[in-house]
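Working notes, beginning with the structure itself.
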């Protein structure tokens with residue numbers, strides 16, 4: 001799973017990037033199925049790894065990871081709204097390079113790629129799913 005700093009950045013970014021689509025937290029949480037909007041978004045932190053880039057007293061470590069922005073639309077209503085929202089997230093991610101807080105310091109987060117949306121139906125068949133896979137790197141100097 002991605003570092004806490006990356007997870008927090010995405011949890012702030014996603015609702016702000018497309019405010020017309022509600023964001024619901026689903027990691028270790030179960031939204032009430034009786035109160036679900038017809039179109040909503042959640043996140044999946046697929047995987048991450050880290051390597052040391054430099055040596056010395058304050059080495060730089062790079063986290064590599066993959067985050068999926070998942071847009072869910074009520075089944076039976078076509079793919080238009082979920083795919084349109086997924087494309088908006090994809091466009092908003094392009095070219096991002098920002099400094100984010102990492103503990104008591106800052107790291108350099110860069111979005112390396114935001115892939116075209118993939119589609120799927122959930123196991124229950126109640127939702128049509130469009131997801132944007134996003135690869136990132138986070139460079140952080142570890143101060144001794």
Being assigned to a loop (DSSP other than H, G, I, E, B) and under 17 Å from residue 2 (Cβ atoms): is that true of residue 51 here? no
Counted residues, the range 16-32 - those being free of Cβ contacts under 8 Å to residues at least 12 places away in the same chain and assigned to a helix (DSSP H, G or I): 1
Can you work out which of the residues in the range 101-128 that are surrounded by 18 or more Cβ atoms within 10 Å (Cβ to Cβ) and either touching a helix residue (DSSP H, G or I) at 6+ places or on another chain (Cβ under 8 Å) or at pLDDT 95 or above (or both) is nearest to residue 39 (Cα to Cα)? 128
Pairing a residue in the range 82-100 that is crowded, with 20+ Cβ neighbours inside 10 Å with any residue that is in a helix (DSSP H, G or I), where Cβ atoms lie under 6 Å and the two sit 6 or more apart in sequence or on different chains, gives 89/17
Looking at (1) surrounded by fewer than 16 Cβ atoms within 10 Å (Cβ to Cβ); (2) outside any loop (DSSP other than H, G, I, E, B), which is the one condition that is false for residue 77? (2)
Specify the residue that is farthest from the chain's Cα centre (by Cα); the eligible residues are those in the range 12-29 that are surrounded by 15 or more Cβ atoms within 10 Å (Cβ to Cβ) and within 20 Å of residue 94 (Cβ to Cβ). 21
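The values are calculated or read from the model by the stated rules, or taken from the named source; none is laboratory data. Given the structure is predicted, the values throughout are model-derived calculations rather than measurements. Quick reminder, even Gly has a Cβ in these numbers, built from the backbone with ideal geometry, and neighbours come from all protein chains shown.
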